[in-house]
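Asks: Before I ask anything, here is the structure I am working with.
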Amino acid sequence: MKFEDVIAMIREYPDFPKKGILFRDVLPIFRDPKAVEVLIDHLSEKLSEINAKNGGSKIDVVVGAEARGFILGALLAQRIGAAFVPVRKSGKLPGKVSSVVYEKEYGPDTMEVQYGSIQANQNVVAIDDLLATGGTAGAVERLVMEQGAKIIANLFIVELVDLEGAKKLTAQVYSAYKC
Ligand SMILES: O=P(O)(O)OC[C@H]1O[C@H](OP(=O)(O)OP(=O)(O)O)[C@H](O)[C@@H]1O
Ligand SMILES: Nc1ncnc2[nH]cnc12
């Protein structure tokens, strides 16, 4: 299976979850183990290239944003031998947490990470299924930087380029499919 065949598995749903949104659904990819292998091969190769250009540090942590970033994050972390740390919407993580408030389409929301799950000076990669406005990925970057850690790259399967989310992000962005 080629990488293009994996991208072709993404389905589009007009007017979901509300009128005017063309929803890109990446979940069919995860129904096919071979497609998952090709996808994670591709993303881990791109990450190696980005990391090499930045001096080639060991990646300590992969962070994934709720909910689809959990699937990708856990797979990528296992592949590269890094820790996986989830970033969740507020009130879902036990114990002490760090929080950031970020803008969603209809007002503010909060994202959290467990305090101590990312150490100062660790090298971190963030991954999610899709970059739209960049609100979510920007919040993830801020949470990582507030722990004193360094964000090496933001990886996505899909980037909605017209929404210019990449401009909100500090670290390098790689999107496997831009539309
Ligand atoms: O760039 P943004 O405008 O922030 O949009 C991108 C985010 O939106 C989607 O998640 P969603 O908020 O729908 O949450 P879910 O994965 O829990 O359904 C997607 O998985 C990203 O996390
Ligand atoms: N068009 C879209 N498809 C899937 N997830 C999204 N999150 C924000 N916009 C989205």
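Asks: Sort 86-94, 65-73 by the packing proxy (mean of other Cβ within 10 Å over each peptide's residues), most packed first.
Replies: Answer by packing, highest mean first, reads 65-73, 86-94.
Asks: Here is a follow-up. For 106, 13, give me the order by solvent-accessible area with a 1.4 Å probe, most accessible first, ignoring ligands, DNA and RNA.
Replies: Order by accessible area, largest first: 106, 13.
Asks: I'd like to know which of 152, 98, 170 lies farthest towards the positive end of the charge dipole of the chain, counting +1 on Cβ of Lys and Arg and -1 on Cβ of Asp and Glu.
Replies: Selected residue: 98.
Asks: Sticking with this one: Take residue 58 and residue 92, extend 7 Å from each Cα along the Cα→Cβ direction, and tell me the distance between the two endpoints in nm.
Replies: 3.0
Asks: Now for a different question. Ordering 170, 110 by how much accessible area each has at a 1.4 Å probe, largest first, what is the list?
Replies: From most accessible down to least: 170, 110.
Asks: Given only helices, namely DSSP H runs of n ≥ 4 each adding -39500 (n - 2.57), what is the per-residue ellipticity at 222 nm of the chain, to the nearest 500 deg cm²/dmol?
Replies: For the chain, the value works out to -9000 deg cm²/dmol.
Asks: About the Cα centre, and with charges only on the beta carbon of Lys, Arg (+1) and Asp, Glu (-1), how big is the dipole of the range 3-178? Nearest 20 debye, please.
Replies: It comes to approximately 420 debye.
Asks: Next question, about the same structure. Pick out, from 48, 28, 14, the residue whose Cα sits farthest towards the positive end of the charge dipole of the range 1-72, with +1 on the Cβ of Lys and Arg and -1 on the Cβ of Asp and Glu.
Replies: It is 14, whose Cα lies furthest towards the positive end.
Asks: Moving on to the next point. Summarise the accessible area of the chain (1.4 Å probe, protein heavy atoms) by the percent that is carbon and sulfur. Walk me through the numbers on the way to the answer.
Replies: Values: 4690 of 9040 Å².
Exposed carbon and sulfur together represent 52 percent of the surface.
Asks: Moving to a separate point now. How high is the relative contact order of the range 72-134? Use alpha-carbon pairs under 8 Å, at least six apart in sequence, and give a whole percent.
Replies: Rounded, it is 32 percent for the range 72-134.
Asks: Also: Rolling a 1.4 angstrom probe over the protein heavy atoms, how many square angstrom per residue are accessible across the chain?
Replies: With the other protein chains kept in place, the chain gives 51 Å² per residue.
Asks: May I ask which of 18/168; 2/104; 18/178 have a Cα-Cα span longer than 26 Å here?
Replies: 2/104
Asks: Among DSSP beta bridges whose residues both lie in the range 39-179, state the antiparallel percentage, nearest 5.
Replies: 30
Asks: Return a whole-number percent for the relative contact order of the chain, with Cα pairs under 8 Å and 6 or more residues apart as the contact set.
Replies: Working: 345 pairs, mean separation 29.8, N = 179.
This gives 17 percent for the chain.
The values are calculated or read from the model by the stated rules, or taken from the named source; none is laboratory data. What you are looking at is a predicted structure, and each value in this text was computed from that prediction instead of being measured. Please note: Cβ atoms are built from the backbone with ideal geometry, for glycine as well, and neighbour counts cover all protein chains shown. Each accessible area value is taken on the protein alone, full model and side chains, heavy atoms only, with ligands, DNA and RNA left out. Shrake-Rupley method; radii C 1.70, N 1.55, O 1.52, S 1.80 Å.
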